[in-house]
Amino acid sequence: MNSEILGVILMYVTVVALAIPLGRYIGKVFNYENTWIDKIFNPLDTLLFKLSGINPAKEMNWKQHLVAMLTINVVWFILSMLVLTNMSLLPLNPDGNPSMSADLAFNTSVSFVTNTNLQHYSGETGMSYLGQLILMLWQFISAGTGIAIAAVVFMAMKERKTENLGNFYSFFVRSCTRILLPIAVLVATIFVFNGMPMTFEGKDTIVTVQGDTVQVSRGPVAAFVAIKHLGTNGGGFFGANSAHPLENPSYLTNIVQMVTQMLITIALIFALGYVIRRKKLAWMIFGVMSVGFLLLTVPTIISEMNGNTKIAELGIQQPMGSMEGKEIRFGAVSSAYWSIATTVISTGSVNAMHDSFTPLSGVYQLLAMMINAFYGGCGVGFLNFYIYIILAVFISGLMVGRTPEFLGKKIEAKEMKIAMLIALLHPFLILVGTALATALPAYTSASLSNPGFHGFSQMLYEITSSSANNGSGFEGLGDNTPFWNMACGIIMLLARYLPIIGPVAIAGILASKKYIPEGNGTLKTDTSTFGLMVFAVIAIVAALAFFPALTLGPIAEYFSMIK
C-alpha cells in the first residue's frame with residue numbers, strides 16, 4: 001500500500017481511537033460528574049464566577065441560554081474592534097505593523113468571534129502580537145461557545161420533561177477550562193519541541209543556504225496554532241497558514257494538527273451518547289457522518305494522485321500527483337486529505353493552496369462546506385446534523401402514517417417550520433451572496449485572478465466558506481476590499497447565530513413537551529435504516545440545491561480541461 005495512503009488511514013484511526021474516550025470524558029463534564037482534573041480547575045472556576053458575579057447554579061431555559069450567548073459575543077466583538085483598529089498605538093508590536101481599517105477589522109472581528117477565521121490579511125504583516133493574542137483568545141471563546149451550546153441541546157434531549165437546561169456560563173467555562181485548555185497546552189508543548197516559535201521577540205535576521213540575508217517573522221506561534229485546530233478555528237498566524245514551515249515544521253506536526261482539528265468534533269458525538277444514554281444513536285450519527293466524509297475524501301485523494309490533465313498533455317510526468325500549490329513535505333495525498341477534513345469540519349486551515357487543486361477536488365471541497373453536516377465545527381456541527389434528524393423523523397413519520405416522534409417527543413408544525421427555515425438558510429446565503437457578487441462586477445471583477453469558470457469558483461468558494469463558518473479560500477481572490485469585507489462579515493454573522501438559535505429553540509420546545517414512552521410502533525432512530533434516511537435527506541436538501549452553481553464553476557472548468 002502507498003505509504004502516503006497508509007499515513008492518512010493511520011491519522012483517521014488515531015482520531016477515532018482518541019475521540020471515543022474523550023467523548024466519555026466530555027460527557028462527564030456536561031453531567032457534572034467527578035473527573036481527575038476537577039481538583040485543578042474547580043478553584044479557577046469559582047474565582048471566575050466570583051469576579052463576574054455569575055451564579056453558575058442558576059438554571060436557564062433555552063431562551064435565556066441564547067440571550068447569554070449573544071450578549072457575551074457582542075461584548076467580545078466590540079473589544080476586538082477596539083484592539084484591531086488601534087494596534088499601531090498598543091504594545092506588543094515589535095515589527096511595527098499597522099492598525100486595521102474599519103471594514104477589515106469588522107470582517108476579522110466577526111470572523112474570529114463566529115469561529116470562521118476567514119482572513120483577508122496576512123498575519124505576519126497585518127497583525128501585532130497583541131492582535132494575535134486577542135484572536136487566540138477568541139479561538140478559545142468561539143469554540144467554548146459552540147461546545148457549551150451543544151451541551152444545552154444534549155441536556156434538552158436527555159430530560160423527559162423540563163424547561164431548565166443548565167447554566168450557559170457554567171457550560172462555557174467548563175468547556176474552556178476542562179476540555180480546550182488542557183489539550184491545547186499539551187499540543188502547544190509538542191509544537192514547541194518540534195521547532196515551532198514561541199516568543200515575543202520581533203523578526204529575526206538569518207542567512208539562507210544560498211547566502212541571502214532575510215528577515216523572518218516569528219511570535220507566539222505554538223500556542224496560537226494549538227487552539228486554532230483544537231477549536232476548529234483555522235486562523236493562520238502566518239499568511240500561508242499551515243503550509244508555512246514555522247506554522248507546520250514537519251510531517252509529525254502535520255499529523256498532530258490533522259488529528260487535533262478532528263478530535264473534539266468527533267468526540268462530541270460520543271459525548272452525546274454518554275449524556276443521553278443512547279450509545280446506538282451516537283454510533284448511527286457517527287456512521288452517517290463518516291460515510292459522507294469518506295465519500296468526499298476518497299475521490300479527492302484519487303483526483304490529486306492522478307495529477308493535472310493539462311500538465312500531462314505537455315508530456316510532463318507527475319509521479320507525485322498534482323503538486324501545484326502543495327508542500328513536498330506533505331505530498332498530494334496528505335494535502336488532499338487535509339483539504340476535505342478542514343472543509344468538512346469547518347476548521348478552514350490549509351496545508352496546501354485550495355485554489356491550485358484540480359477542478360473536481362474543488363467540487364468536493366465546496367460540497368463539504370455546502371452540506372455542512374458531516375462532523376462540522378466544535379458543537380455547531382452536531383446542531384446542523386440535528387436539523388436533518390428532525391427533518392428525517394418528520395418525513396419518515398409521514399411515510400408510515402404516524403405522528404413523528406423523536407426521543408419520546410412529538411414533532412409538530414412549529415418545530416418543522418424552524419427546521420426548514422434553518423435548512424434553507426445555508427443555500428439561500430450562499431446562492432444569493434454569489435449571485436450578488438456576480439451581478440456587481442464593479443466591486444468584484446478586479447479581485448479575480450481568473451476571469452473564466454475558475455473566477456466564478458473563487459467567488460462561490462468565498463461566499464460558501466463564509467456561510468459555512470469555515471474560513472478557507474481560493475486565495476487567487478483579492479478579498480481585502482470593502483465589498484468582500486462587509487459582505488462576508490454579514491454572511492458570517494447570519495450563518496453563525498441563526499443556525500444556533502434554530503436547533504436550540506427546537507430542542508427547548510421538545511424538552512418542555514410531554515414524554516411519550518416508546519411502543520411497538522415507535523420509529524427507531526438509532527438504526528442503520530434511519531441513518532440511510534438521514535443521509536438521503538442531507539443529499540436532497542443540502543447537496544442538490546447547489547448543483548447548478550457547481551456546474552457554472554468547477555464542473556464547467558473540469559469539462560473545459562478534458563474536452
Region 221-365: C-alpha gyration tensor shape, a/c 1.5 cut-off, then a/b vs b/c: oblate
Cα lying deepest toward the dipole's positive end in region 3-562, options Tyr337, Gly362, Phe428, charges on Cβ: Phe428
Label-point gap, in nm, between Thr205 and Thr438 - each point 7 angstrom along Cα→Cβ: 5.3
Simple Cβ-charge dipole of the chain, Lys/Arg +1 and Asp/Glu -1, about Cα centre, in debye nearest 20: 2220
Contact order normalised by residue count of region 418-563, Cα under 8 Å, 6+ apart, percent: 32
Sum of -39500 (n - 2.57) over DSSP H runs of 4+, divided by residues of the chain (222 nm, nearest 500): -20000 deg cm²/dmol
Order by protection proxy (mean Cβ within 10 Å, highest first), peptides 25-35, 513-523: 25-35, 513-523
Cα gyration tensor shape of region 49-172, rounded if a/c is under 1.5, else prolate or oblate by comparing a/b with b/c: prolate
Rounded to the nearest 20 debye, dipole of region 433-526 from Cβ charges on Lys, Arg, Asp, Glu: 400
Ranked packing of 287-299, 470-482, 64-76, 198-210, most packed first, by mean Cβ within 10 Å: 470-482, 287-299, 64-76, 198-210
Potential lengthening between Thr71 and Arg160 on full extension [0.36 nm per residue; Cα-Cα distance subtracted]: 29.1 nm
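Readers should treat all values here as calculations from the given coordinates under stated rules, not as data from a laboratory. Fair warning: this is a prediction, and the values are worked out from it, not measured in the lab. No Cβ is skipped: glycine too gets one built from the backbone with ideal geometry, and neighbour counts run over all protein chains shown.
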